[in-house]
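For reference, the structure is listed below as structure tokens.
Every read-out reported here was derived from the displayed coordinates using simple, explicitly stated rules and does not represent laboratory data. Keep in mind it's a predicted model, so treat the numbers as computed, not measured. Note: ideal-geometry Cβ built from the backbone for every residue, glycine included; neighbour counts use all protein chains shown.
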Amino acid sequence: MCVAVLLGFGGVAWAGFNSQEVDSSNSFSAATLQLKAGTPDGSSCYSTGAGSGGTVAANVATCSGDPLPAGELSSSSASSATTSLTSVGSTGASSGSVSSAGCGVEAVTDSSSSGGDTGLVYGGVSFGTSFASPANSSFTSSAISFDGNSGSYVGTISSFTGPQTFSIVAWVNTTSSNGGSIVGFTDQQANGATNFDRLVWVDPTGRVVFGVSTSYNNQEVRSSAVVNDGTWHLVVATLSSSGMFLYVDNHSAVSNPYATSAGNYTGYWHLGWSPHSNWTYAPYDDYLNGSLAEVAILGTALSSSNVSTLYNASSASAYASTIASFSPTAYWKLSDTGITPYTGTIPALGSGSTTLADATGGGNTGYAQGAVTLGASGPMGGRAITLGGASGSYVETTTSYSNPGPLTELIWFQAPTSGAAGSLMGFTNLQTNATPSSWDRQLWIDPSGHIIYGIYPNSVQEVTSPGTYADGSWHFVAASYGPGGEQLFVDGTRVAMNSSATSAQNYSGYWHLGYSNATSGWSDPPSSNDWKGSLAQAAVIPTQLSASQIATLYTAGTSSAFRSDVLALSPTAYWPLDDSSTSLACTRVLVEVQTTVGTTTTCVYPAAAGACPTTPPTSAPLSSLGTSTMAAPGGSGLSLLVKMILSASSPAGVLGLHVLPGLDLAVTRSSWSAGLAYPSASVEL
């Protein structure tokens, strides 16, 4: 991927790192970076240096390479690369920044009418393989290839109830003498399984095998045709009340009329992998070393004439139209490029329904205990959590704070019309809901539906709303203390105030949502320490907000606007509570950018003096990455280290991440400057 050089005016020039794809799998090598800067008078300068991808001399053509490492980033490892820059006419780096970043998992698109069954690429998969039908040379497209190594496959995001009537359609090209899977159905999203059938594979002799698991044993049919000859072959496997049928190309089917059902379980489709233990004609290798194209899952059993129509398709569009006429439940053309990553949620790879993210990036994760339901309908079009009110059902946080204040506590709540008395939010010296020795900064609803805020500056201080709010509607509460006293706002309006209470109890403790020790020591306690109802958008702001600031929050209108407004207030912790039991593909990737000039090392991101920490702090997740700029020391040469790492809590199955960082460095000499910008290109880690 080349970056055009744009010439500026007044002696200013802009230049770019030049990176070049080194193979068709969208993988880059860690190699030399080169500065190419043009000036208004037409002169140019180039960098020199060596990297693992090769060496370049001064004033020569642009070099290839990329500062980021090649190879896959697993859930327990870091990946990094270092490259040195020395430029003719450069006296050193004056600043550096991480301007933007994004990431994802390589994906293959579902082209069926639902379009919802994206396939995730787990590594060792390359895009852009040439496909041409052996029956009609005008039918051409592109395909994906698998390297046959462990972990090289595609798995679907969505789960399905195992169909009892179906067709599996795929084009395959292989020369392997070990065999390998074409398509399979298992009860796990990643490459593990307890239940598995609806399998189509190539055995070690090159023949195709189709297997289903009936209520009494495994049933298989095996082709006489051999497909491991390095040419493309159409494979179609069907199951219905008429039995099992297996077609290869335009040959007559092999069949088993006695097998009319398959395993009864919910599972995921996989391309290029499936397990084969206890099957008669099992391959030597569960992973395919070969290529696949035009894979589809149909909810009907194709006939021999249907198969013949597919095999003799005159073009890619004609083939796609025929597949569409069968109303596929999933259709992967496999003509993807791998450039656009999937960045959405991955249900089966979620870290679990107990994790509630701290949107500040500060790492004060909330953990749901007991009966906490995620994904409820929330205020402003967002999501929320729902608590049943039972003891032990609440959210506890991970970070301890020493005597937080002045502060403002924010939370949205929806209280039922009965049984709503309980705690919305509180601070105690214990992380759990065990009986604490210190507790205050408590928000609760009393048995009559009033909202109460209590602090304890060596005496009980409470403010109470005159109105009641156990009405089934969403309401916004902001409770604060500080120089302006103890204040309580509901739905953007101040409803109670105690000007004499300007501080709270001095101790270290943890925040809780849906629980506090409010039944003990307060003059107007709730009937329960635990909350029954829904909560959303909880935050702690380290200042006492003004009435206008709180009104702005209340009138945000949308959950995304509210989020932006809260983050602009620099909260010490912020739980949107819009989590689900799914995991975003990129939420737990961390980035480090480190510069070294001469003997001086500086951590550019996360900004810090000296070298970046061996383990990146929780303040540097990719999901909260923003522009971070700091001065770098002067010198004649710059060494740049870029490191990507998955946190220890990352889902184990998240592999094949793409990382797209925007890195900007400025270098100066005399009256002109050249900016180095690494473009946001897809990089396979």
Please provide three numbers in whole Å: the alpha-carbon extents of region 355-580 along the principal axes, with the largest listed first.
40, 37, 35
Provide 255, 400, 167 in ascending order of the number of other Cβ atoms located within 10 Å of each residue's Cβ, fewest first.
400, 255, 167
For a quick check: sort 153, 122 by the number of other beta carbons within 10 angstrom, fewest at the front.
122, 153
Where in region 352-396 does the label zone of residue 438 land, with the point 7 angstrom along Cα→C-beta and an amide N cut-off under 20 Å?
396
For the pair residue 175 and residue 322, how long in nm is the line joining their label points, each one 7 Å along Cα→Cβ?
2.8
Taking Cα pairs closer than 8 Å and at least 6 residues apart, the relative contact order of region 129-192 in percent is 24
Rel. contact order, % - alpha carbon contacts under 8 angstrom, at least six apart, region 355-580:
30
Please work out how much length the chain gains when fully extended from residue 284 to residue 343, using 0.36 nm per residue of separation minus the C-alpha to C-alpha distance, in nm with one decimal.
17.8 nm
Linear extension gain, residue 187 paired with residue 314, 0.36 nm per residue minus alpha-carbon span:
42.0 nm
Hey, how many Å between the Cα centroid of region 299-348 and the Cα centroid of region 424-480?
56
Taking a point 7 angstrom from the Cα of residue 140 along the C-beta vector, which residues in region 219-252 have backbone N less than 17 Å away?
232
Got a sec? Which residues in region 379-414 would a label at residue 429 touch, if it sits 7 Å along Cα→Cβ and we count backbone N under 16 Å?
400-404
The extension gain from residue 205 to residue 524, computed as 0.36 nm times the residue separation minus the Cα-Cα distance, is 106.9 nm
